[in-house]
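Chemist: The following block contains the structure, expressed as structure tokens.
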Amino acid sequence: MENECLVRARSHEQKLKRRNDILVAAEALYLEGDGQLPSAAEVAKKASLAKGTLYLYFSSKEALFLEVLRGFLKGWFENNLEVIEQEALRRPEDRDSARVAQQFVQYLVKRKQFLHLASLSQGVLEQGTDDEAVLSHRRFLSSMVKRTADALSELYAITPENANKLMRTSYALVIGMWQMSQIPERVAELMRQNALDNLIIDFSVATEEAVVSYWRVLAPGMKCREFLRQMEEQNRA
């Protein structure tokens, strides 16, 4: 009996499943590896497909892993919206923007392998991807950043524009801190032996400090809108 995976997918549902199987295989191989992107042949084998079949769904290996990255980012944005929603359930006077910033960062800190993939997005993934896929990825990012920024500006006394900037720069800070922290052990040992260990950063601690500090600079004392409204009403009474 012919292997089901080697039969061309014909219905829309079959094609969606085949595409998802490729994404699942690519992510699994990436997580199993040492940060290197698996080859298209390795992904196809993992998904029990012919290598040529993979290119029916993705224009290149880079386009495939840009889509894997999008799945990770989607999870981060959904987490952020849930954090904001949970914060909105607190009493207005108990809402803390620093706590929100910390939870945004902690989600990323716990997923360091995806931070490596994110660091490849502009220099490697988008460079090897067709224009349509690049635009689709960028539009997705723009949409997700806007949704998060709008949710922040509804909860706190910050404009949507500044909330948008807050999200963009926070993400850039996390990626930058992660890249700075990736020092080969041989180099790190040389640094320690020569009193240069002040340049070795604790990624988790330094990243949280950087992002929370940035939030305080861009929106100092960012207050809950509802709390400010209540205070205004009390002052008028």
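Chemist: Take the solvent-accessible surface of the protein heavy atoms, probe 1.4 Å, and return the percent of it on the chain that carbon and sulfur atoms account for.
Modeler: The nonpolar share, carbon plus sulfur, comes to 50 percent.
Chemist: Relative contact order for region 122-218 using alpha-carbon pairs under 8 Å, separation at least 6, rounded to a whole percent?
Modeler: It rounds to 23 percent for region 122-218.
Chemist: On to the next question. Counting Lys +1, Arg +1, Asp -1, Glu -1, what net charge surrounds ALA44 among other residues with beta carbon under 14 Å of its beta carbon?
Modeler: Overall, the nearby charge balance is +4.
Chemist: If you don't mind, there's one more thing I want to ask. Could you report the chain's accessible area per residue, 1.4 Å probe, as an integer in Å²?
Modeler: 58 Å²
Chemist: Also: Would you mind working out the magnitude of the charge dipole of the chain relative to its Cα centre, with +1 at each Lys and Arg C-beta and -1 at each Asp and Glu C-beta, to the nearest 20 Debye? The partial results should precede the final answer.
Modeler: Numbers: 32 positive and 33 negative charges, 86 e Å.
For the chain, the charge dipole is close to 420 debye.
Chemist: For the chain, what's the relative contact order in percent, using C-alpha pairs closer than 8 Å and at least 6 residues apart?
Modeler: Relative CO of the chain lands at 20 percent.
Chemist: Run the dipole for region 29-116 about the Cα centre, Lys and Arg Cβ at +1, Asp and Glu Cβ at -1, nothing else charged, and hand back the magnitude in debye, nearest 20.
Modeler: The dipole magnitude comes to about 260 debye.
Chemist: Compute the signed sum of charges (Lys and Arg +1, Asp and Glu -1) over the other residues within less than 11 Å, Cβ to Cβ, of PHE65.
Modeler: Neighbour charge sum, excluding PHE65 itself: -2.
Chemist: Still on this structure, I have one more. Classify region 83-184 as rounded, prolate or oblate from the Cα gyration tensor: take a ≥ b ≥ c as the square roots of its eigenvalues, call it rounded if a/c is under 1.5, otherwise prolate when a/b beats b/c and oblate if not.
Modeler: oblate
Chemist: Using the Cα atoms as the points, what is the convex hull volume per residue of region 1-139 in Å³?
Modeler: 142 Å³
Chemist: OK, next. Please give the contour-minus-distance gain from LEU196 to ASP34: 0.36 nm per residue of separation, less the Cα-Cα distance, rounded to one decimal in nm.
Modeler: 55.6 nm
Chemist: PRE reach from GLN127 (point 7 Å along Cα→Cβ): which of region 18-52 fall under 15 Å by backbone N?
Modeler: 37
Chemist: Hey, another quick one. Looking only at ASN198, ASN162, ASN79, which one moves most when the chain is put into a Gaussian network model with springs between Cα atoms under 10 Å?
Modeler: Residue with maximal mean-square fluctuation among ASN198, ASN162, ASN79: ASN198.
Chemist: Could you state the principal axis extents of the C-alpha atoms in the chain, from the largest down, to the nearest angstrom?
Modeler: Over the chain, Cα extents along the principal axes are 80, 57, 30 Å.
Chemist: Taking the Cβ of HIS137 as the center, what net charge do the other residues with Cβ under 12 Å away carry, scoring Lys and Arg +1 and Asp and Glu -1?
Modeler: Neighbour charge sum, excluding HIS137 itself: -2.
Chemist: Classify region 154-199: rounded, prolate or oblate, from the alpha-carbon gyration tensor (a ≥ b ≥ c, eigenvalue square roots; a/c under 1.5 rounded; otherwise prolate if a/b is larger than b/c)?
Modeler: Verdict is prolate for region 154-199.
Chemist: Taking the Cα centre of the chain as the origin and placing charges on Cβ (Lys, Arg +1; Asp, Glu -1), which of ILE200, ALA172, LEU66 is farthest toward the positive end of the dipole?
Modeler: My answer, from the dipole projection, is LEU66.
Chemist: Work out the FRET efficiency for MET180 and SER48 from their Cβ-Cβ distance, taking R0 = 41 Å, and round it to the nearest 0.05.
Modeler: Numbers: r = 40 Å, r/R0 = 0.98.
E between MET180 and SER48, to the nearest 0.05, is 0.55.
Chemist: Just from its helices, what would the mean residue ellipticity at 222 nm be for the chain, if runs of 4 or more DSSP H residues each count -39500 (n - 2.57) and the sum is divided by every residue, rounded to the nearest 500 deg cm²/dmol?
Modeler: My calculation for the chain gives -23000 deg cm²/dmol from helical runs alone.
Chemist: Moving on to the next point. Once you have the Cα-Cα distance between LEU81 and THR169, take 0.36 nm times their residue separation minus that, and quote the gain in nm to one decimal.
Modeler: Details: separation 88, 0.36 × 88 = 31.68 nm, distance 1.73 nm.
Additional length available on full extension: 29.9 nm.
Chemist: Let me ask something else about it. In sequence order, what are the phi-derived ³J(HN,Hα) couplings for region 89-94 according to the Karplus relation 6.51 cos²θ - 1.76 cosθ + 1.60 with θ = phi - 60°, rounded to whole Hz, with x for glycine and proline?
Modeler: My calculation for region 89-94 gives 7, 6, 4, x, 6, 9 Hz in order.
Chemist: Rounded to the nearest 10 degrees, what's the angle between the helix 97-109 long axis and the longest principal axis of the chain, both from Cα atoms, 0 to 90?
Modeler: 20 degrees
The values are calculated or read from the model by the stated rules, or taken from the named source; none is laboratory data. Small disclaimer: the values here were computed from a predicted structure and weren't measured. Virtual Cβ from ideal backbone geometry, glycine too; neighbours counted across all protein chains shown. Calculation scope for accessible area: heavy atoms of the full protein, side chains included, ligands and nucleic acids excluded. Shrake-Rupley method; radii C 1.70, N 1.55, O 1.52, S 1.80 Å.
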